[in-house]
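Below is one structure, written out as structure tokens; the observations come after it.
The values are calculated or read from the model by the stated rules, or taken from the named source; none is laboratory data. Model, not experiment: these values are computed from the prediction. Neighbour counts run over all protein chains shown; Cβ positions are idealised from the backbone, glycine included.
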Ligand SMILES: NC(=O)c1ccc[n+]([C@@H]2O[C@H](COP(=O)([O-])OP(=O)(O)OC[C@H]3O[C@@H](n4cnc5c(N)ncnc54)[C@H](OP(=O)(O)O)[C@@H]3O)[C@@H](O)[C@H]2O)c1
């Protein structure tokens with residue numbers, strides 16, 4: 001069997017390629033001309049590298065992408081921009097996704113797996129403490145979110161549109177925050193990182209995290225499992241800690257994180273004040289903190305990975321505790 | 001009295017990163033109304049419209065024009081499209097604001113200006129940093145004679161390639177930026193250059209320019225240029241090896257002014273008036289007082305919420321829109337647009353000639369456009385080499 005992977009040189013993509021190769025699958029990596037292949041090659045290892053071939057092209061070049069997809073039964077679309085301006089992110093993520101789905105349909109691909117993000121849910125409108133699962137609605141006002149989440153929301157929307165148009169079997173995986181060696185364990189879900197200081201927002205919210213190898217396994221399964229076309233899967237680990245617990249774990253592991261705490265009742269008024277100032281000053285400070293965004297990201301919710309477990313036959317094989325320790329900066333070389 | 005319109009309808013073409021700055025600043029102008037945005041990618045046009053509350057998003061320029069009839073269209077597309085888009089827009093009867101750089105070379109610039117003349121529509125070029133508050137303050141100090149007649153201007157631009165964009169330009173020989181005749185510099189040196197030409201007003205100053213690749217780069221990443229006018233000289237230093245910075249120094253017989261555009265500060269460069277060792281106390285004392293003055297001024301501006309990265313853009317837009325409503329010439333003179341474009345041409349030509357035919361031949365020429373330019377440059381260089 002042959003599959004195609006975009007974003008193969010990235011944090012998640014490298015692990016996915018290695019897993020697929022370990023299963024004996026032939027992997028074609030679609031990389032851009034500027035991509036650095038060295039760490040992918042290292043992560044896959046010289047023995048397994050034999051079954052990897054690399055096609056270098058811009059994702060916007062639909063013809064070349066279609067040619068590359070010929071003979072591949074599954075396309076894993078992992079590539080996406082993670083930072084930059086909204087337009088840059090749209091050019092990396094939204095626009096090429098349309099072309100890739102069309103190309104896949106023309107190339108006769110049997111399943112297209114899109115790696116989206118757990119951030120796409122409309123958590124702003126959800127009750128604190130409620131359960132977030134695949135039936136929860138996605139955010140109805142994407143442009144009010146941060147540029148990255150906006151781009152992921154529109155990337156999914158674009159994918160569904162082309163799916164409707166072409167009938168291409170589509171499966172979407174929505175991973176939580178991906179942690180792993182080199183990425184650390186702190187994220188915007190804990191709070192705002194201001195220089196060396198972590199401003200912890202609330203603390204009772206569970207952190208929807210997933211270890212990078214667990215995530216790669218879920219994505220792989222989304223391509224292989226039967227009878228899941230048109231389905232969406234949240235990918236998160238078991239036994240998720242709260243933000244407060246995570247910082248405590250850090251401290252116990254000998255990593256002091258300098259942090260200050262903003263109690264939950266203060267978060268919304270603070271965001272409202274900041275947003276008011278942003279408007280009043282006509283943008284002297286950037287409009288990054290809005291009540292809409294804060295309500296979306298720091299709400300305490302219950303997460304479940306039941307659907308992925310039962311329908312994809314997936315298990316997070318690395319426990320959160322182990323994942324946590326492997327992700328700490330002091331952990332030795334890339335595991 | 002004829003009924004002159006008091007509001008201006010604005011549209012924008014090309015919804016990339018700099019478009020955000022345009023849309024944000026246009027929205028602050030109370031007599032301007034944003035009517036439409038347009039991009040070849042519907043997704044890009046849609047995101048701009050959604051975030052900046054623009055009522056219409058298009059992928060076709062002509063449809064945008066006929067559906068929303070704007071008075072002026074901002075062109076914020078890549079440099080190599082400016083000429084053709086600006087001429088089409090002018091011929092369709094709208095005024096045009098073009099982001100820097102004006103065009104990729106003088107023939108293109110002349111073509112656009114010819115159409116300006118023919119259609120009677122006006123055009124403004126994005127030399128917006130001339131209207132930045134700190135530069136206006138520097139201008140005023142110069143005009144007040146604080147340093148005497150200007151004799152030299154120095155312009156520094158630090159442009160590290162370590163970011164996402166830089167990595168792509170570095171890693172991809174066919175990246176569009178590297179296809180421009182002036183490469184990376186075509187897209188970046190307008191701002192530092194027009195800060196020099198504001199004082200160095202000769203039509204054809206002598207130019208001496210050189211570029212080279214730093215470290216492992218396979219294309220020119222560093223540039224130094226020296227411009228020599230009748231009374232004023234200028235030097236431009238562009239480097240990817242220093243931190244991001246925009247610094248200008250304007251010198252006269254009575255001292256110099258150092259402008260930090262990012263810090264929004266001005267510092268005097270002046271000899272000590274005290275003898276010997278006392279001078280070593282006087283200079284830091286002055287620095288300390290200047291620091292306090294800059295801090296006070298910026299604090300006051302902060303309190304008035306008057307610190308905005310693109311403040312110059314907004315001022316230039318306002319002046320331009322007013323000039324359209326009043327039927328007066330646009331704030332940047334057409335001769336100036338042409339002069340800066342010509343200087344860039346001359347500088348790049350100089351650099352290419354110095355690169356030498358051998359190394360030029362080794363450059364990739366993947367696209368037909370690049371191949372064309374390369375052929376031209378080769379001819380130029382070979383001619384030059386055979387003469388010398
Ligand atoms: N990291 C997280 O916490 C997280 C959470 C949820 C979902 N996700 C999603 O998971 C996926 C992988 O994330 P990651 O953490 O592995 O990101 P990453 O390490 O930044 O990797 C991104 C990959 O995408 C490629 N890429 C980016 N822009 C591209 C473009 N315009 N054209 C072609 N390739 C492009 C990169 O190629 P180069 O090597 O050439 O740069 C790289 O291989 C993304 O879809 C992301 O949205 C991530």
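If the requirement is being in contact with a strand residue (DSSP E or B) (Cβ under 6 Å, 6 or more places away or on another chain) and surrounded by fewer than 23 Cβ atoms within 10 Å (Cβ to Cβ), which of these qualifies: A:134, A:165, A:161? I'd like the intermediate steps shown before the answer.
Working: A:165 fails: in contact with a strand residue (DSSP E or B) (Cβ under 6 Å, 6 or more places away or on another chain); A:161 fails: in contact with a strand residue (DSSP E or B) (Cβ under 6 Å, 6 or more places away or on another chain).
Testing whether each residue is in contact with a strand residue (DSSP E or B) (Cβ under 6 Å, 6 or more places away or on another chain) and surrounded by fewer than 23 Cβ atoms within 10 Å (Cβ to Cβ) leaves just A:134.
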Failed condition for residue B:114, given (1) surrounded by fewer than 24 Cβ atoms within 10 Å (Cβ to Cβ); (2) away from chain A (no Cβ under 13 Å); (3) part of a strand (DSSP E or B), with all others met? (3)
Yes or no: residue B:134 crowded, with 20+ Cβ neighbours inside 10 Å and in a helix (DSSP H, G or I)? yes
Checking residue B:26 against (1) more than 14 Å from residue B:72 (Cα to Cα); (2) within 14 Å of chain A (Cβ to nearest Cβ), which test does it fail? (1)
Being touching a helix residue (DSSP H, G or I) at 6+ places or on another chain (Cβ under 7 Å) and outside any helix (DSSP H, G or I), is that true of even one residue in the stretch B:275-284? no
Take the conditions crowded, with 17+ Cβ neighbours inside 10 Å, farther than 20 Å from residue A:166 by Cα and more than 10 Å from the ligand (Cβ to nearest atom) and apply them to residue A:87. Does it pass? yes
Are there any strands (runs of 3 or more DSSP E) wholly within the stretch A:2-102 with 1 or more residues that are under 20 Å from the mean Cα position of the chain (by Cα) and more than 10 Å from every other protein chain (Cβ to nearest Cβ), and if so which? A:2-6, A:26-31, A:74-77
If you go through the stretch A:254-275 one residue at a time, do you hit one that is more than 17 Å from residue A:189 (Cβ to Cβ), at pLDDT 95 or above and within 14 Å of chain B (Cβ to nearest Cβ)? yes
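If I ask for residues that are within 18 Å of residue B:238 (Cβ to Cβ) and within 16 Å of the ligand (Cβ to nearest atom), which ones from the stretch B:176-187 would you list? Spell out the reasoning first.
Filtering the stretch B:176-187 for residues within 18 Å of residue B:238 (Cβ to Cβ) gives B:177-178, B:180-187.
Residue satisfying the conditions is B:177 alone.
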Return the only residue of A:219, A:171, A:199 being over 25 Å from residue A:300 (Cβ atoms) and assigned to a strand (DSSP E or B). A:171
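Table: residues versus (1) more than 22 Å from residue B:150 (Cβ to Cβ); (2) surrounded by 12 or more Cβ atoms within 10 Å (Cβ to Cβ); (3) not assigned by TED's automatic domain parsing to the domain that holds residue B:29.
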{"site": "B:266", "(1), (2), (3)": "no, yes, yes"}
{"site": "B:271", "(1), (2), (3)": "no, no, yes"}
{"site": "B:287", "(1), (2), (3)": "yes, yes, yes"}
{"site": "B:312", "(1), (2), (3)": "no, yes, yes"}
{"site": "B:315", "(1), (2), (3)": "yes, yes, yes"}
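Quick check, is residue B:201 closer than 17 Å to residue B:340 by Cα, more than 14 Å from chain A (Cβ to nearest Cβ) and more than 16 Å from the ligand (Cβ to nearest atom)?
Numbers: closer than 17 Å to residue B:340 by Cα: yes; more than 14 Å from chain A (Cβ to nearest Cβ): yes; more than 16 Å from the ligand (Cβ to nearest atom): yes.
Criteria met by residue B:201.
Within the stretch A:178-196, track down each residue that is part of a strand (DSSP E or B), in contact with a helix residue (DSSP H, G or I) (Cβ under 9 Å, 6 or more places away or on another chain) and closer than 17 Å to residue A:293 by Cβ.
A:191
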Of all residues in the stretch A:105-122, which are touching a strand residue (DSSP E or B) at 6+ places or on another chain (Cβ under 7 Å) and within 15 Å of the ligand (Cβ to nearest atom)? A:112, A:113, A:114, A:115, A:116, A:117, A:118, A:120, A:121
Which one of these is in a strand (DSSP E or B), at negative phi and not assigned by TED's automatic domain parsing to the domain that holds residue B:73: B:153, B:169? B:153
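Yes or no, residue by residue, for (1) modelled with pLDDT of 95 or more; (2) farther than 20 Å from residue B:330 by Cβ; (3) away from chain A (no Cβ under 14 Å):
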residue: B:36; (1), (2), (3): yes, yes, yes
residue: B:67; (1), (2), (3): yes, yes, yes
residue: B:76; (1), (2), (3): yes, no, no
residue: B:88; (1), (2), (3): yes, no, yes
residue: B:92; (1), (2), (3): yes, no, yes
residue: B:97; (1), (2), (3): yes, no, yes
